[in-house]
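Visitor: Below you will find the structure I want to go over with you.
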Amino acid sequence: MKTLVRNGRVALDGRIQSLDVLVEGGRIAALGALDAASTDHVIEAGGCYVLPGFIDFHTHVDDEIGPYYLADGYESGTRVALENGITTLCTFVTQGPDETLLRAMARARAKAQGQSHCEVLWHLTPTSFSPGDIANLKVLLAGGYRTLKLYTTYKAAGIFASYERIEELFQGLGSLGGCFLVHCEDDEVIASVDAAGLDLAKPFTHTRLRPEEAEVVAIRRVVTLALAHRASLHVVHVSTLAGARHLVEQRTKGDLSFETCPQYLFMDESWLAREDGYRWLCSPPLRGNRAPFLELIREGAADVLATDHCPFCAQDKDRWDGRDYRQVPNGMPGLGALPHLAWKLWEDDPERAALGLATQLSLNPALRAGIGDRKGALRPGMDADLVVLDPHGPERPLRSTPSDAYDSFSGFTSPLAIRQVLLRGEVRVQDGRLTQPQNPMGSPLQPDVSSLPLT
Ligand SMILES: [Zn+2]
């Protein structure tokens, strides 16, 4: 099967060029001025951008967080992802209490298999660090798993890692080619906030209990450790100007990167002051004074734009009795909105916006996830994951998730239309809808752990 994507504005090597793209056997076969004569299928992409399939580097699906099960599983999460051009969903496998990481991984794989409309990649979140677990992490890092997630907070949830623990891991595993994803909010700064006099019935108090300083302190500590031990570090969901600036300054000294999320760009803490502000509780919290942060990100400072999609069911958010907002599950959906909101950063310059998507939603996350040899760019030999994006709509409301969760971006609209999405060369989305909703073809990108020499 040969498919020619004809006459599109193609993101290639950091430029937008008018080219045809030939797809054969699931891969990009050629780019250039190509002859349609011997092809089986032609997609006319005139007036559209042709971009490498997007990657959401940070999502939570099919997970139980505290007493709450997320609204999206692999099926619904990957469905809204693919319908919006996201061809690879990166999500987490978290080692539960009394569970081995391997058992957690097998559980996630069983649930994703046959249910996923786009590709799935797991970041591993180890929570116990026994010698056996560390030995297995070494095998996993050598065997195609490249990303580990650590938290500098959330002691009660059992996922906290102290700076000493983080240093140990940077030292012990840092040279094996993996990348550490770190949630940076300093637990001591958070614990030291004097809650007396703060009104816990008001979700806005969240901005006081998890202050900007907590993020900045943790980023500084973790960056220093990563540089000292030459570990690759990716800081997730950066929400502060000072934190982002520090990362930009230090990035030249080692292998550092960071992401931010649309909610930290297009929303501010005033959303938490609304009557229904508890729906926008997330950690780190929405912040004040967004203009300079937005400007820095518009300049391209963030390596990656990702959602931190964490869709709690509407009824679970609403179950709150109105007394202590800390009972409300923290997180919001965003998956289906990601490419649209990333576009909004540069919407006054569509070519810049298209390149921004190709870089921050595709190339950089692919490299960070360790799949840059297959995904993230439109080069011959790469998987033919591509998006035909029409910047001329019509304008439509955003939809972050098909599930029963409040849409964090309700009221936001987008001029982008997703004409086609190809996954490994097959047209799986036509005009924003799955072509084969009953027949998902996405698959886990990493090897089955049973094929690895684990103990
Ligand atoms: Zn997250």
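Just so it is clear, none of the values below were taken in a lab; they were calculated from the coordinates. Everything numeric in this text was worked out from a predicted model, so none of it was measured. Cβ sites come from the backbone with ideal geometry, for glycine too, and all protein chains shown count toward neighbours.
Visitor: Just going by the charge dipole of the chain, with Lys and Arg at +1 and Asp and Glu at -1 on Cβ, which of Gly66, Gly158, Leu386 is farthest out on the positive end?
Guide: Leu386
Visitor: Just subtract the alpha-carbon distance of Ser130 and Ala30 from 0.36 nm times their residue separation and send over the number in nm, one decimal. It would help to have the intermediate numbers written out before the result.
Guide: Values: separation 100, 0.36 × 100 = 36.00 nm, distance 4.85 nm.
So the chain would gain 31.2 nm between Ser130 and Ala30.
Visitor: Provide the per-residue ³J(HN,Hα) series for the stretch 145-158, in order, calculated from phi with Karplus coefficients 6.51, -1.76, 1.60 and θ = phi - 60°, each as a whole number of Hz, with x at glycine and proline positions.
Guide: In residue order, the calculated couplings are 9, 10, 10, 10, 10, 10, 10, 8, 9, 6, 4, 4, 7, x Hz.
Visitor: While we're here: Ratio of alpha-carbon Rg to the 2.2 N^0.38 Å globular estimate for the stretch 27-118, to two decimals, please.
Guide: So the stretch 27-118 has a normalised radius of gyration of 1.51.
Visitor: Here is a follow-up. Go through 61-67, 420-426 and give me the packing order, highest mean Cβ count within 10 Å leading.
Guide: By packing density, highest mean first, the sequence is 420-426, 61-67.
Visitor: About its Cα centre, what dipole magnitude does the stretch 267-375 give when the only charges are +1 on Lys and Arg Cβ and -1 on Asp and Glu Cβ, stated in debye to the nearest 20? Mind showing how you got there, number by number?
Guide: Working: 14 positive and 17 negative charges, 62 e Å.
Here the size comes out at about 300 debye.
Visitor: Taking the Cα centre of the stretch 130-196 as origin, sum charge times position over the Cβ atoms of Lys and Arg (+1) and Asp and Glu (-1), and report the length of that vector in debye to the nearest 20.
Guide: Numbers: 5 positive and 9 negative charges, 98 e Å.
Dipole magnitude for the stretch 130-196 comes out near 480 debye.
Visitor: Related question: Which whole-Hz couplings ³J(HN,Hα) result when phi for each residue of the stretch 49-57 is put into the Karplus expression 6.51 cos²θ - 1.76 cosθ + 1.60, θ = phi - 60°, listed in order with x for Gly and Pro?
Guide: In residue order, the calculated couplings are 8, 10, 10, x, x, 7, 10, 8, 6 Hz.
Visitor: Then there's this: Is the stretch 103-211 best put as rounded, prolate or oblate by its Cα gyration tensor, with a ≥ b ≥ c the root eigenvalues, rounded for a/c under 1.5, and otherwise prolate when a/b is larger than b/c, oblate when not?
Guide: The shape class here is oblate.
Visitor: Could you list which residues have their amide H under 5 Å from that of Ser257, counting only those 5 or more apart in sequence or on another chain, with H placed in the peptide plane?
Guide: Under 5 Å from the amide H of Ser257 lie the amide H atoms of Leu233, His234, Val235, each far enough along the sequence or on another chain.
Visitor: Still on this structure, I have one more. Taking H placed 1.01 Å from N in the peptide plane, check which residues at least 5 places from Met332 or on another chain put their amide H under 5 Å from its amide H.
Guide: Here the answer is Cys310, since their amide H atoms fall under 5 Å of that of Met332.
Visitor: Another question about this same structure. Would you work out which of Leu200, Leu176, Ile190 lies farthest towards the positive end of the dipole of the stretch 163-205, given +1 charges on the beta-carbon of Lys and Arg and -1 on that of Asp and Glu, about the Cα centre?
Guide: Working it through, the farthest residue towards the positive pole turns out to be Leu176.
Visitor: Output the 0 to 90 degree angle, nearest 10, between the alpha-carbon long axis of helix 163-173 and the longest principal axis computed from the alpha carbons of the chain.
Guide: 40
Visitor: Could you calculate the contour length gain from Asp13 to Ala196, that is, 0.36 nm times the residue separation minus the distance between their Cα atoms, to one decimal place in nm?
Guide: In short, 60.4 nm is gained.
Visitor: Suppose every K and R has +1 on its Cβ and every D and E has -1 on its Cβ; what is the size of the dipole of the chain about the Cα centre, in Debye to the nearest 20? Let's see the in-between values first.
Guide: Working: 45 positive and 58 negative charges, 128 e Å.
About 620 debye.
Visitor: Between the stretch 261-328 and the stretch 74-98, what's the alpha-carbon centroid distance in Å?
Guide: Each part reduced to its Cα centre gives a spacing of 20 Å.
Visitor: Please work out the C-alpha center-to-center distance from the stretch 196-214 to the stretch 343-368 and express it in whole Å.
Guide: Cα centroid of the stretch 196-214 versus Cα centroid of the stretch 343-368: 34 Å apart.
Visitor: Further question on the same structure: Counting only residues 5 or more places away or on other chains, whose amide H sits under 5 Å from the amide H of Val42 once H atoms are built in the peptide plane?
Guide: HN-HN under 5 Å from Val42: Leu4.
Visitor: Pop out the ³J(HN,Hα) list for the stretch 282-290 in order, Karplus 6.51 cos²θ - 1.76 cosθ + 1.60 with θ = phi - 60°, rounded to Hz; leave Gly and Pro as x.
Guide: 8, 10, x, x, 4, 10, x, 6, 7
Visitor: Taking the DSSP beta bridges in the chain as the whole, what percent of them are antiparallel, to the nearest 5?
Guide: In the chain, DSSP labels about 50 percent of beta bridges as antiparallel.
Visitor: Taking the Cα centre of the chain as the origin and placing charges on Cβ (Lys, Arg +1; Asp, Glu -1), which of Leu445, Gly331, Ser239 is farthest toward the positive end of the dipole?
Guide: Final value for the positive-end residue is Leu445.
Visitor: For a footprinting-style exposure proxy, rank Leu82, Leu434, Leu378 by other Cβ within 10 Å, fewest first.
Guide: Leu434, Leu378, Leu82
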